[in-house]
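Participant: Below you will find the structure I want to go over with you.
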2 protein chains.
Amino acid sequence: MPIIQQRHEIPVEVSARHAHLSREHLDILFGPGYELAKLKDLSQIGQFAAAETITIEGLRGKFEKVRLIGPCREHTQVEISRTDARLLGIEPPVRLSGDISSSSGARLSGPQGTVELGQGVIIAQRHLHLDEATAEQWSLKSGDVAAVEIGGERGAIFNNVAVRVHNDFMPAFHIDTDEANAAGITANNNHGYVIAVSGN
Amino acid sequence: MPIIQQRHEIPVEVSARHAHLSREHLDILFGPGYELAKLKDLSQIGQFAAAETITIEGLRGKFEKVRLIGPCREHTQVEISRTDARLLGIEPPVRLSGDISSSSGARLSGPQGTVELGQGVIIAQRHLHLDEATAEQWSLKSGDVAAVEIGGERGAIFNNVAVRVHNDFMPAFHIDTDEANAAGITANNNHGYVIAVSGN
């Protein structure tokens, strides 16, 4: 288990609460065959913020105007912060995207219908997106665990950062709004440094 | 500037949004001569959560039922998280308690009146409370800057932790709700380790 010490600058991208819908759930919430309108492309190739939003409701509270991210995925997935979770009254696990087994449920509402989602709500685990060339240059691979340092007055080192490598990825450190606020991430302080990696 | 390496377990205490009122502002919000009712003692000697709450209002939003902390202080001070600040529509600085010069304003409302607070709203800088004996044992003094590590699945190291020493203090690492949520602090994961200190 080699420990590789390095320090590479990486852009920080902050994910606010959002949802990815399955084709089936998009049909229910917006009507059969509905197609999402692209509001803007995201940094990860093919992903886009949709013009459409939905309402997410928990036992205690709800959020309206939660942004949808397209295109549709195989399974519906809602990503929120722990702050959001407390307001909704649910306790979702911290998970990597796609790992929704036994995660939290919520009620999703759109203009044409409602879905009682049994599972799919997660708090996204902080992670690095890397293309294959950058990953090779930095001696990283999918499944590695990294640490990322943020500078400034609320400076911090985030441990347990999951490394995800794919040729469609752009290098970016993805965190949620709690993590961004805790570390003072702003428009003027939006980069970090990958400072250590434990290989397998 | 000696660097002292150490690792000392410390309880983590999470401060939700709250307000300390001056005698003058307590009179305005609750009536002349009003005395706060103690709901429960806090870990710091003499400080207590009051039964009373107030409303804090910014340009964009407001929070009702914001807890008051007694006793009265010389100056009114409101401590919120950056998440709270965004919802209120204000941009308070990150400051140590008591350092409110040129901080943010807000409207405070109680059952008997309203105060247009010109300054006093801050985001509390993460800090360590230490009694003098513990501080001496750990070779720390007021004004030192420490780092505190949190374990677990959202493990992180918080840098720029201000050290405050006073004989009335109980050892504790104080963070806000954003920092607690970002690091996965819960009832079962509520301690950290002071891991490094840069002396002056």
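Rule-based calculations on the coordinates, nothing more; no lab input. These numbers were taken from a predicted model, which means no experiment stands behind them. Every residue, glycine as well, gets a Cβ built from its backbone with ideal geometry; the counts of neighbours run over all protein chains shown.
Participant: Can you run phi through the Karplus equation (6.51, -1.76, 1.60; θ = phi - 60°) for the stretch A:100-116 and list ³J(HN,Hα) in whole Hz, with x for Gly and Pro?
Facilitator: Along the stretch A:100-116, the couplings run 10, 4, 6, 8, 7, x, 6, 9, 10, 10, x, x, 10, x, 9, 10, 8 Hz.
Participant: Here's something else I'd like to know. Using DSSP to define loop residues, name the GluC sites (Glu not before Pro) in the stretch A:79-173 whose beta-carbon has at most 10 other beta-carbon atoms within 10 Å. Before the final figure, lay out the partial values.
Facilitator: Details: sites: A:E79, A:E116, A:E132, A:E136, A:E149, A:E153; in loops: A:E153.
Counting only loop positions with at most 10 other Cβ atoms within 10 Å, none of the GluC sites (Glu not before Pro) in the stretch A:79-173 qualifies.
Participant: Then there is this: Sequence gap at least 6, Cα distance under 8 Å: using those rules, report the relative contact order of chain B to the nearest whole percent.
Facilitator: Here the relative contact order equals 28 percent.
Participant: Now for a separate question. From the phi angles alone, apply the Karplus equation (6.51, -1.76, 1.60; θ = phi - 60°) to the stretch A:7-16 and give each ³J(HN,Hα) in whole Hz, x where the residue is Gly or Pro.
Facilitator: 8, 10, 5, 9, x, 9, 10, 9, 9, 6
Participant: Taking the alpha-carbon distance from B:K40 and a cut-off under 12 Å, which aspartates and glutamates remain once sequence neighbours fewer than 8 residues away in the same chain are dropped?
Facilitator: Output for B:K40: B:E52.
Participant: Further question: Collect residues whose amide H, placed 1.01 Å from N in the peptide plane, falls under 5 Å from the amide H of A:S142; neighbours closer than 5 in sequence don't count.
Facilitator: A:V165
Participant: A further question on this structure: Using modelled backbone amide H atoms (1.01 Å from N, in-plane), which distant-in-sequence or interchain residues come within less than 5 Å of A:V12's amide H?
Facilitator: So A:V12 has HN proximity to A:F173, A:H191, A:G192.
Participant: Right, another one. Would you calculate the volume per residue, in Å³, of the smallest convex hull containing every Cα atom of the protein assembly as shown?
Facilitator: Working: hull volume 62.3 nm³, N = 400.
Per-residue hull volume (Cα only) is 156 Å³.
Participant: While we're looking at this one, here's another question. Going by amide H atoms built from the backbone, whose H comes under 5 Å of the H on B:L42, apart from near neighbours?
Facilitator: Placed amide hydrogens put B:Q47, B:F48, B:A49 under 5 Å from B:L42.
Participant: Right, another one. Once both labels are modelled 7 Å past Cα along the beta-carbon direction, what's the A:E136-B:A51 spacing in nm?
Facilitator: 7.1 nm
Participant: Please work out the C-alpha center-to-center distance from the stretch B:119-161 to the stretch B:18-76 and express it in whole Å.
Facilitator: So the separation of the two Cα centres works out to 25 Å.
Participant: Normalise the Cα radius of gyration of the stretch A:2-120 by 2.2 N^0.38 Å (N = residues in it) and let me know the number.
Facilitator: Working: Rg = 15.6 Å, N = 119, 2.2 N^0.38 = 13.5 Å.
Normalised Rg, Cα atoms only: 1.15.
Participant: Please list, in order along the stretch A:182-192, the HN-Hα scalar couplings obtained from phi with the Karplus expression 6.51 cos²θ - 1.76 cosθ + 1.60 (θ = phi - 60°), rounded to whole Hz, x for Gly and Pro.
Facilitator: Along the stretch A:182-192, the couplings run 5, 9, x, 6, 9, 4, 9, 9, 10, 9, x Hz.
Participant: Enumerate the lysines that B:K38 could reach by cross-link, defined here as Cα to Cα under 16 Å, with residues fewer than 8 away along the same chain left out.
Facilitator: By straight Cα distance, B:K38 reaches B:K65.
Participant: If you take every DSSP beta bridge fully contained in the stretch A:76-194, what fraction is antiparallel? Give it as a percent rounded to 5.
Facilitator: 70 percent
Participant: Ratio of alpha-carbon Rg to the 2.2 N^0.38 Å globular estimate for the stretch B:142-200, to two decimals, please.
Facilitator: Rounded to two decimals, the normalised Rg is 1.15.
Participant: Continuing with the same structure: Could you name the aspartates and glutamates whose alpha carbon sits less than 12 Å from that of B:K141, not counting residues in the same chain fewer than 8 places away?
Facilitator: By straight Cα distance, B:K141 reaches B:D131, B:E132.
Participant: Treating chain A as a set of equal point scatterers at the Cα positions, no solvent, please give the Debye-formula log₁₀ I(q)/I(0) at q = 0.08, 0.17, 0.18 Å⁻¹.
Facilitator: Taking Cα atoms of chain A as identical point scatterers yields -0.28, -1.16, -1.25.
Participant: Moving on to the next point. If you count the DSSP beta bridges with both ends in chain A, what percent of them are antiparallel, to the nearest 5?
Facilitator: 75 percent
Participant: For the protein assembly as shown, what proportion of DSSP beta bridges, expressed in % and rounded to the nearest 5, is antiparallel?
Facilitator: Just about 75 percent of them are antiparallel.
Participant: Still on this structure, I have one more. Between A:L39 and A:H166, what is the FRET efficiency for a Förster distance of 25 Å, r being their Cβ-Cβ separation, to the nearest 0.05?
Facilitator: Taking R0 as 25 Å, the efficiency between A:L39 and A:H166 is 0.60.
Participant: Next question, about the same structure. Test of understanding: in a Gaussian network model of chain B with alpha carbons linked when under 10 Å, which of B:V115, B:V66, B:V165 would top the mean-square fluctuation ranking?
Facilitator: Its mean-square fluctuation being the largest, the pick is B:V115.
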